[in-house]
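Written out below as structure tokens is the structure these notes cover.
The values are calculated or read from the model by the stated rules, or taken from the named source; none is laboratory data. If you're wondering where the values come from, they're calculated on a predicted model, not measured in any experiment. Don't worry about glycine lacking a Cβ; one is built from the backbone with ideal geometry, like all the others, and counts go over all protein chains shown.
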């Protein structure tokens, strides 16, 4: 792991909380070998030593020899040794400190217990060079099915998932256990984390490539307590067991008013699906979900993505200096708040309505105002990042946006708010003076329709009250993945599939 990638330090009091929650200190006293594979500045070993001092337990060389840190940043390990010397008057044994990238470098030790807080960063957010370096490991561990997928939805796969698979596969003894702070997206993310939820890790301990089962045993989800200040990601604390097939349901505790309320977690359908959280199995209502059948070309989509160029493509008014046939009404929150289809924003799409493909430069040149406008912002558009976008820019189509295809120009859309909501209200939008409404990036998702009758049919089916209940069970209320396309797709049926 490169320096500072996904770095979220664990406060000492919360390292102690995890250790006490799972009786890790007692296991250490009983002879367990313990390792933090992404140690940072060593909050978990420090917490162990603090608890020992509180309990009057001597820090003998034998006990210290059963605490191990692995960390890629040398300065963090140096800081840890200084902290131990200053606070406890002990020289922590250098033999128990390893400056390594736990993902890419072999480590010979095996441990009874792994404990820690792996880095939180999506594959797509990693530095370009390190991303290329890690890609084979994501593939080997089954986190993405092929190289192309790492460029698409699976780019949202968290590096924490890779750390877990590597460490549970290579560093833990038979029937060992692991305790980690983690983003909850590993359990509730749609396609991006299904590869983690096969609950199998690569095992190369004996020089032979094999697979090794692991199981999630128990999860505690924090909903109000701020374990990590300034972190917007939803997170939890989870216990894993090595060499055990995954069984469901899983014990799942959710924080409410300072109490831990017991729930059960189980996958939506297939074992690798995102989890549903219920207090009672009667809440599942598996027989009351609607049967919504769609044509293959009607799969749910996100709105148009400008890839960081909102100021270029999105306007608070309909600009008179641009050809109106390339300006489209953009959905905004007012449509749902005020129940009105009044246009508050417009978006520029230099695309063919019939094909959903971007105009060529020769075609753009037929419109003097459009050509001049795009030339003025060419440098900004060419500097945008992202592998899919870069490939389009490298082909010369630097005015490209993502999330645009023939579906974007369907005459009707069943559209809903997909991000950060806890209500699910699909509506039908058609056009303003012949220009089709567009969704705004991840804020909205939609199903394209080519007749109003079909759009109304789908809208009515999606108004089934069991759908928002299911979305809440999938742990998306108020979060970025509330009703994103991949999640809604799981309750739909497609003709011919």
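Restricting region 124-137 to residues that are surrounded by 15 or more Cβ atoms within 10 Å (Cβ to Cβ) and modelled with pLDDT under 85 leaves a set whose member that is nearest to the chain's Cα centre (by Cα) is 124.
The requirement of being at pLDDT below 95, touching a strand residue (DSSP E or B) at 6+ places or on another chain (Cβ under 9 Å), buried (at least 20 other Cβ atoms within 10 Å of the Cβ) and assigned to a loop (DSSP other than H, G, I, E, B) is fulfilled nowhere in region 16-37; no residue meets it.
Quick check, is residue 241 touching a residue at least 60 places away in the same chain (Cβ under 8 Å), part of a helix (DSSP H, G or I) and either under 20 Å from the mean Cα position of the chain (by Cα) or more than 26 Å from residue 417 (Cα to Cα) (or both)? In short, no. Residue 381: in a helix (DSSP H, G or I), farther than 28 Å from residue 463 by Cα and touching a strand residue (DSSP E or B) at 6+ places or on another chain (Cβ under 9 Å), yes or no? No; evaluated as a whole, the condition is false for this residue. With respect to residue 211, is the statement that it is under 23 Å from residue 478 (Cβ atoms) and either in a loop (DSSP other than H, G, I, E, B) or without any contact (Cβ under 8 Å) to a residue 60 or more places away in the chain (or both) true? For residue 211, the condition - under 23 Å from residue 478 (Cβ atoms) and either in a loop (DSSP other than H, G, I, E, B) or without any contact (Cβ under 8 Å) to a residue 60 or more places away in the chain (or both) - is not met. Summed over region 73-123, residues that are more than 26 Å from residue 176 (Cβ to Cβ), under 25 Å from the mean Cα position of the chain (by Cα) and modelled with pLDDT of 95 or more total 0. Can we say residue 292 is surrounded by 17 or more Cβ atoms within 10 Å (Cβ to Cβ), in contact with a helix residue (DSSP H, G or I) (Cβ under 6 Å, 6 or more places away or on another chain) and at pLDDT 90 or above? Considered against the rule, which asks whether it is surrounded by 17 or more Cβ atoms within 10 Å (Cβ to Cβ), in contact with a helix residue (DSSP H, G or I) (Cβ under 6 Å, 6 or more places away or on another chain) and at pLDDT 90 or above, residue 292 comes out as yes.
Looking only at region 214-228, residues that are in a loop (DSSP other than H, G, I, E, B) and touching a strand residue (DSSP E or B) at 6+ places or on another chain (Cβ under 9 Å) come to 6 in all. Residues that are in a loop (DSSP other than H, G, I, E, B), surrounded by fewer than 24 Cβ atoms within 10 Å (Cβ to Cβ) and in contact with a strand residue (DSSP E or B) (Cβ under 6 Å, 6 or more places away or on another chain) within region 426-456 comprise 426, 430, listed in sequence order. The residues of region 174-208 that are free of Cβ contacts under 8 Å to residues at least 40 places away in the same chain and part of a strand (DSSP E or B) amount to a single one, 203. Is it fair to say residue 495 is surrounded by fewer than 19 Cβ atoms within 10 Å (Cβ to Cβ) and either under 29 Å from residue 355 (Cα atoms) or touching a strand residue (DSSP E or B) at 6+ places or on another chain (Cβ under 7 Å) (or both)? Against the criterion (surrounded by fewer than 19 Cβ atoms within 10 Å (Cβ to Cβ) and either under 29 Å from residue 355 (Cα atoms) or touching a strand residue (DSSP E or B) at 6+ places or on another chain (Cβ under 7 Å) (or both)), residue 495 qualifies.
Residues in region 327-363 that are touching a helix residue (DSSP H, G or I) at 6+ places or on another chain (Cβ under 9 Å), surrounded by fewer than 18 Cβ atoms within 10 Å (Cβ to Cβ) and outside any loop (DSSP other than H, G, I, E, B): 361 alone. Touching a helix residue (DSSP H, G or I) at 6+ places or on another chain (Cβ under 8 Å) and within 30 Å of residue 134 (Cα to Cα), is that true of residue 18? Here the answer is yes, as residue 18 does meet what is asked.
Answer yes or no as to whether residue 231 is assigned to a loop (DSSP other than H, G, I, E, B) and surrounded by fewer than 17 Cβ atoms within 10 Å (Cβ to Cβ). Judged against the criteria, residue 231 is a match. Which count do you get for residues in region 472-485 that are under 23 Å from residue 429 (Cα atoms) and either assigned to a helix (DSSP H, G or I) or not assigned by TED's automatic domain parsing to the domain that holds residue 412 (or both)? Within region 472-485, residues that are under 23 Å from residue 429 (Cα atoms) and either assigned to a helix (DSSP H, G or I) or not assigned by TED's automatic domain parsing to the domain that holds residue 412 (or both) number 1. Hey, among the residues in region 384-395 that are in a helix (DSSP H, G or I) and out of contact with any helix residue (DSSP H, G or I) (no Cβ under 8 Å at 6 or more places or on another chain), which one's nearest to residue 313 (Cα to Cα)? Restricting to residues being in a helix (DSSP H, G or I) and out of contact with any helix residue (DSSP H, G or I) (no Cβ under 8 Å at 6 or more places or on another chain), the top hit is 389. Considering (1) in a helix (DSSP H, G or I); (2) surrounded by 11 or more Cβ atoms within 10 Å (Cβ to Cβ); (3) modelled with pLDDT of 95 or more; (4) under 33 Å from the mean Cα position of the chain (by Cα), the lone condition that residue 398 does not fulfil carries the number (1). Of all residues in region 202-220, those being modelled with pLDDT of 95 or more, in contact with a helix residue (DSSP H, G or I) (Cβ under 9 Å, 6 or more places away or on another chain) and within 26 Å of residue 138 (Cα to Cα) number 3. Taking region 272-314 as the range and being closer than 22 Å to residue 474 by Cβ, outside any strand (DSSP E or B) and touching a strand residue (DSSP E or B) at 6+ places or on another chain (Cβ under 9 Å) as the test, the residues that pass are 273, 274, 279, 280, 281, 283, 284, 291, 298, 299, 300, 303. Within the option set 266, 322, being within 30 Å of residue 404 (Cβ to Cβ) and either at pLDDT 95 or above or not in a loop (DSSP other than H, G, I, E, B) (or both) holds for one residue only, 322.
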